[in-house]
Amino acid sequence: MPPRLTAPAERVLEGEVLGPETPQERATRERLAFLAWLLDSSIPIPGTRFTVGLDAIVGLVPFIGDLIGVLASSIILMEANRLGVGRAVMTRMAFNVAVEGVVGLVPFFGDLFDAGWKANQKNVRLLTEWMERPHKAERGSRRFVLVLAVALLVLAGACSLGVWLAFRALFGS
């Protein structure tokens, strides 16, 4: 069964009281929670507590299956954007989908990773956190984006150093 959502109390974003969740916002969140459950956890593995979703099954079809999975995951991103989710939270959600899509391209291992990563359920949790406490969710996501940017810079620096060392070893100094 898809998870039940709790109703958030008053929401505050940058000093502005947003009020309680509207019936339309609630319906959207419930629809997205169902979609995330369907894509990530709707199929129980007999004899285990582990579940997979349609995303992992469709992902078994090389490339096209992964593309379909990313497109389905993008529905959650589009709805979150429509609800006004902040840039940092949207970046974090896009990162979850990107990791799932890129790793999913690796045959078989990518599908196993996809079954465990559950990007859609992570994204619905991020959306729910943002709707309940927008300022706190934004702050936490900004930290995540900052750490991600630093990690990418370190990776780029390490790659550059590796290329430089390889050229130096091949061509001498």
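The values are calculated or read from the model by the stated rules, or taken from the named source; none is laboratory data. All figures in this text were calculated on a predicted structure; none of them were measured in a lab. Because the Cβ atoms are built from the backbone with ideal geometry, glycine has one as well, and the counts that use them run over all protein chains shown. Heads up: the accessible areas ignore ligands, DNA and RNA and are worked out on the full protein's heavy atoms, side chains in. Shrake-Rupley method; radii C 1.70, N 1.55, O 1.52, S 1.80 Å.
Of the DSSP H helices in the chain, those that are both long (alpha-carbon extent of 30 Å or more along the helix axis) and hydrophobic (Kyte-Doolittle mean at least -0.5) are 134-171. Shape of the chain from its Cα gyration tensor (a ≥ b ≥ c, root eigenvalues): rounded if a/c is under 1.5, otherwise prolate when a/b > b/c, or oblate? Because a/c hits 1.5 or more and a/b fails to exceed b/c, the chain counts as oblate. Would you mind getting me the FRET efficiency between ARG26 and LEU165? Use the beta-carbon distance for r and R0 = 45 Å, nearest 0.05. It comes out at approximately 0.20. Other residues with beta-carbon under 11 Å from the beta-carbon of LEU105 carry, at +1 per Lys or Arg and -1 per Asp or Glu, a net charge of -4.
Of the accessible area of the chain, computed with a 1.4 Å probe over protein heavy atoms only, carbon and sulfur atoms account for 71 percent. Per residue, the chain exposes 61 Å² of solvent-accessible protein surface, assessed with a 1.4 angstrom probe and all protein chains in place.
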